Number of protein chains: 2
Amino acid sequence: MKPKSVGIRDVAKHVGVSTASISRTLNNPESVSPELRMRIDAAIAELGYIPDAAARALSSRRTRTIGAIIPTVDNAMFARGIEALQSYLSLQGYLLLLSTSGYDPETEARQAQNMVSRGIDGLILRGDMHTDALRRLLASQRIPFVNVGVYHPDKPYASVGGNNEAAAYRACRYLVELGHTRIGMVAAISSNNDRATARVSGVRRALAESGLSLKPEWYIEVPYHLDDARQGARSLLSSPREGWPTAVVCGNDVIAYGVLLEAERRGLNVPNDLSVMGFDDLEWSRHLRPSLTTMHVPTDEVWTRAGEYLVRSLSGRAAALHHEVDVSLVVRESTSRPRPEGGRKAR
Amino acid sequence: MKPKSVGIRDVAKHVGVSTASISRTLNNPESVSPELRMRIDAAIAELGYIPDAAARALSSRRTRTIGAIIPTVDNAMFARGIEALQSYLSLQGYLLLLSTSGYDPETEARQAQNMVSRGIDGLILRGDMHTDALRRLLASQRIPFVNVGVYHPDKPYASVGGNNEAAAYRACRYLVELGHTRIGMVAAISSNNDRATARVSGVRRALAESGLSLKPEWYIEVPYHLDDARQGARSLLSSPREGWPTAVVCGNDVIAYGVLLEAERRGLNVPNDLSVMGFDDLEWSRHLRPSLTTMHVPTDEVWTRAGEYLVRSLSGRAAALHHEVDVSLVVRESTSRPRPEGGRKAR
DNA sequence: ATTCGTCATGTAACCGTTTACAAAATTATC
DNA sequence: GATAATTTTGTAAACGGTTACATGACGAAT
């Protein structure tokens, strides 16, 4: 009844050699004579032998699996990053174990625990907000990991990403230079999200530098979904028109899209009545109407680099602990100079 | 130097019992006396013992891991589905091993091979177009699997999804009933994609039923990205205006969005000049302007059910082999009756 | 011809659990 | 109170590879 799937001993018997030779052809082909290697390869193919990774992992203490824990995959940016990471790892002969935390550090730690138990050679985490338990776990198990989406050259553990604070500063600075003085922000929920927090700081710094500040009524935090963003924009624009900002920096492109939709719905002209600045430069951002001015983050590169770092360090090669990627301003149609105040004719 | 992470024997020694009892408290707590269980749990916590899943998998032949292979995660629908699946599995104590095939059956088979070797208890695949090698692999290893996104009650293996052919028929039928006779289609690339193919068939059937047909110059296939879809729409609308269809069915919402964008760019009024029908009902589809008439597919449900099927069958409980989900027509703003021909005034 | 080094291959212990089976302890039955 | 039935715990053999070490074969050096 049970065909008892073929094991390494079956192959060995079939060829008439020891299991060691089979194992060697599999893991270190050069160490076996070409003639024998050929016979073994043939036998493997003939018998349809598939090495059991559990046994392999058990005795070799390596799994060729990389774990990644992201807040959610239902977000164009993460999806893209994971896609890039997955192809890279697959190319390198690694497998990807994926989990989501829903932006909750406790869940993240739990998932990591799971993965560690399951056996991962390295771990990719989003951001740098992790529980102490998680840090201890990684340290005690000596699991290499890398924080993605942040750049913290001062920290003793790896990171790859853009400098969110600086990028947000650039974004806001640009609006200031256009002449805006009434600038608001619709940010992502900042609790447990260091990227969101950094972006807010960047905006604040740019404003402060010009003697401006982020008025509480012009600062609002919303969850990551289109509906929420739209709702947020609605409340931002709920005061009498004189109280509106002339420009808003958004925590990311999805939020910006929500703002755009709501502005349009209210009959506002973007950018003339309201300049909108996004963040991340998602695929569709340049297709919007008006197309979105935003900060371009090279997501693919970030994730691929993260994978690269782990693969390199696992194979004992040197790898830079920190990698900063360029976050660049992409000016499109959703921003412009503010409409001159006081009813003078716009130029 | 090496702290030699604690194993089951350390725990056993610490408590003064055999390893079997430790193993039992872990896997089958009821089979151990409450008093002992308590002491063991305490010891586990105290020593920070984490069971080694590789050893566990090796000796128990189960991994509590489910694999999923999808074409790409960079696609709102898959992303959403994976998100739903991940939370469900996580709740059930399973881990998700994810891979992408890039719509290539060979790659899919290779990835599956990888996963099987790595040890998965069950596998989720997209669609029903798999290589023979893959089918043989699954059969010989007796790995339960389920095809997602299709509904094939006649097949001997599990499937959960909507009936694409019927849904496309509904979609097209609706346009016909509105009075359209000049109907085109911008489909997804149909090679290696049975869902895309089924949708085309459904449209063809609806047309045929009313004595219409899908003119070759009104049928076009495009890849899944916004740019491509837009390019596709462009070529559809490149002929002189008299040669245009008055309505197009799109293979999915992304394509529909591309068509919308291109139509707008050309100054066409949707729906008056051109009705656009989408497919899938992505999150943002109802936010578009005009909002998109489309076929709603309950993605979350599909993927959760798929996971449920596997978890149930793995735990020996009965599970329906096939599950059909409702695909429903959602009428929004992007479709209307065709503008009357011959310059008569539109009502 | 003998000795030595090199390279290819074999031997067998070990990786950290699970689990069939055996043994011991407890409870139920008469 | 003795015996049977039942529950709890222990013993030790897998599970399927890897790899340190041993062995043997062969050619080079003396």
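FYI, it's all coordinate maths here, none of it is from the lab. In this text the structure is predicted, and so the values were computed from the model without any measurement. Methodologically, a virtual Cβ is constructed for each residue, glycine included, from the backbone with ideal geometry; neighbour enumeration extends over all protein chains shown.
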Taking Cα pairs closer than 8 Å and at least 6 residues apart, the relative contact order of the range B:112-248 in percent is 21 percent
So, relative contact order of chain A in percent, Cα under 8 Å, 6 or more apart, is 15 percent
The range A:213-347 - share of DSSP beta bridges that are antiparallel (%, nearest 5) = 40 percent
Pick out which of B:Pro223, B:Pro240, B:Pro290 has the largest mean-square fluctuation in a Gaussian network model of chain B, springs linking Cα atoms closer than 10 Å.
-> B:Pro240
Quote the FRET efficiency, to the nearest 0.05, computed for A:Ala45 versus B:Ser191 with a Förster distance R0 of 45 Å and r equal to the Cβ-Cβ distance.
-> 0.95
Between copies, how close do the A:Pro156 label points come, placed 7 Å along Cα→Cβ, listed in nm from shortest?
-> 6.0
Percent relative contact order of the range B:264-329, based on C-alpha pairs within less than 8 angstrom and at least six residues apart?
-> 28 percent
Mean-position separation - Cα centroids, the range B:129-177 and the range B:16-68, in angstrom | 39 Å
Row for the range A:197-347, column shape: gyration tensor on C-alpha, a ≥ b ≥ c, rounded if a/c < 1.5 i.e. under 1.5, prolate if a/b over b/c, else oblate; value prolate
What FRET efficiency comes out for the pair B:Asp273/A:Arg265, r = Cβ-Cβ distance, R0 = 35 Å, nearest 0.05?
-> 0.95
With +1 on the Cβ of every Lys and Arg and -1 on the Cβ of every Asp and Glu, the dipole magnitude of the range A:226-278 about its Cα centre, in debye rounded to the nearest 20, is 120 debye
Could you give the angle, 0 to 90 degrees to the nearest 10, between helix B:164-178's Cα long axis and the longest principal axis of the Cα atoms of chain B?
-> 30 degrees
Return, ordered by residue number, the residues of the range B:319-333 whose backbone nitrogen is under 11 Å from a label point located 7 Å along Cα→Cβ of B:Leu178.
-> B:331-333
Label-point separation (nm) for A:Ala139 and B:Ser328, each offset 7 Å from Cα along Cα-to-Cβ?
-> 5.4 nm
Between copies, how far apart are the B:Glu283 label points? List them in nm, one decimal, shortest first, with each point 7 Å from Cα toward Cβ, please?
-> 1.5
Starting from a label point 7 Å past Cα on the Cβ side, list the distances from B:Ser201 to the same position in the other copies, nm, shortest first.
-> 5.8
So, with +1 on the Cβ of K and R and -1 on the Cβ of D and E, and no other charges, what is the size of the charge dipole of the range B:98-160 about its Cα centre, to the nearest 20 debye?
-> 180 debye
Apply 1/(1 + (r/R0)^6) to the Cβ-Cβ distance of A:Ser33 and B:Glu35, taking R0 = 56 Å, and write down the FRET efficiency to the nearest 0.05.
-> 0.40
